[in-house]
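S.K.: Submitted below is the structure of interest, expressed as C-alpha cells.
Readers should treat all values here as calculations from the given coordinates under stated rules, not as data from a laboratory. Owing to the predicted nature of the structure, the values given are computational and were not obtained by experimental measurement. All Cβ positions, glycine included, derive from the backbone under ideal geometry; neighbour counts span all protein chains shown.
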Amino acid sequence: MPPSTMAALEKLGADLAVARLRRHESLKTWSQRLGVTVPTLLRLEAGDPGVGIGILATALWLIGRDAELSQLAAPEHDQGALDKDVRQAIALGKQRAQASAEARMNRRDKEGGEQ
C-alpha cells in the first residue's frame, strides 16, 4: 500500500476515534453500535487497512458523514480518466486537422491539373 494511502487511513481512523470520544462513547458502546467487536473497532481507529469497508461506512454513518462516500470515486472527479479524455481529444483534433489539410491539398492539386 502506498505510504500516503496508509497515512490517510491512519488519519481517518484517528479522526473516527476523536469523533467517538467527543460523543463520550465507550469502545464497548461504539463497537456495539457498529456491530463489531472492540478489537475490530480498535483496528478501525488505528487505520488498519484490513477492516471492511462496510464497517468504515457504518462508522461514517454514525457521525453523519456517509454521504461523502458516493462522491469518492465519482467519474467527474477521476483526474486520471479526465486527463486521458483530454489527450484523446487532442489527438483526434490533430488527426482531423491533418485530414482537412490533406483534403485541401488534394483539391488544390486537382484544380491545378484541370486548368
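S.K.: Helix 79-114: angle to the longest alpha-carbon principal axis of the chain, degrees 0 to 90, nearest 10?
M.R.: The angle comes out at about 0 degrees.
S.K.: Ranked by Cβ crowding within 10 angstrom, fewest neighbours first, how are 55, 90, 63 ordered?
M.R.: With the fewest neighbours first, 55, 90, 63 line up as 90, 63, 55.
S.K.: Among 56, 34, 71, whose Cα sits farthest toward the positive end of the charge dipole of region 3-72 (+1 at Cβ of Lys/Arg, -1 at Cβ of Asp/Glu, about the Cα centre)?
M.R.: Going by the Cα projections, it comes out as 34.
S.K.: Would you mind working out the magnitude of the charge dipole of region 3-72 relative to its Cα centre, with +1 at each Lys and Arg C-beta and -1 at each Asp and Glu C-beta, to the nearest 20 Debye?
M.R.: Values: 8 positive and 7 negative charges, 49 e Å.
The calculated dipole for region 3-72 is roughly 240 debye.
S.K.: Residue 28: which lysines have alpha carbons under 20 Å from its alpha carbon, excluding same-chain residues fewer than 8 sequence positions away?
M.R.: In chain and number order, there are no partners.
S.K.: Next up: So if R0 is 35 Å, what FRET efficiency would residue 69 and residue 97 give, r being the distance between their Cβ atoms, rounded to the nearest 0.05? Walk me through the numbers on the way to the answer.
M.R.: On the way: r = 43 Å, r/R0 = 1.23.
FRET efficiency, residue 69 to residue 97: 0.25.
S.K.: Work out how much length residue 106 to residue 5 would gain on full extension: take 0.36 nm times their residue separation and subtract the Cα-Cα distance, in nm to one decimal.
M.R.: Working: separation 101, 0.36 × 101 = 36.36 nm, distance 5.56 nm.
My answer for the length gained is 30.8 nm.
S.K.: Further, regarding this structure: If we count other beta carbons within 10 Å of each Cβ, what is the order of 60, 92, fewest first? Walk me through the intermediate numbers first.
M.R.: On the way: 60 17, 92 10.
If I rank by nearby Cβ atoms, fewest first, I get 92, 60.
S.K.: Please give the FRET efficiency for residue 48 paired with residue 84, using the beta carbon to beta carbon distance and R0 = 41 Å, rounded to the nearest 0.05.
M.R.: Values: r = 33 Å, r/R0 = 0.81.
My answer for the efficiency is 0.80.
S.K.: Suppose a student asked you for the relative contact order of the chain, using Cα pairs under 8 Å spaced at least 6 residues apart; what percent would you report? Show your work: numbers first, answer last.
M.R.: Values: 51 pairs, mean separation 23.0, N = 115.
About 20 percent, as a whole number.
S.K.: What does the charge count around residue 103 come to, taking other residues whose C-beta lies under 14 Å from its C-beta (Lys +1, Arg +1, Asp -1, Glu -1)? Before the final figure, lay out the partial values.
M.R.: Working: positive: 96, 104, 107, 108, 110; negative: 102, 109, 111.
Every neighbour counted, the sum reads +2.
S.K.: Follow-up question, since we're still on this one. I'd like the per residue volume of the convex hull spanned by the Cα atoms of the chain, given in cubic angstrom. Don't jump to the answer; show the numbers that get you there.
M.R.: Values: hull volume 14.8 nm³, N = 115.
Here the figure is 129 Å³ per residue.
S.K.: To make sure I understand, if each residue's beta carbon is the centre and we count other beta carbons within 10 Å, what order do 24, 77 fall in, fewest to most? Could the numbers behind the result be given before it?
M.R.: On the way: 24 7, 77 10.
So the residues, fewest neighbours to most, are 24, 77.
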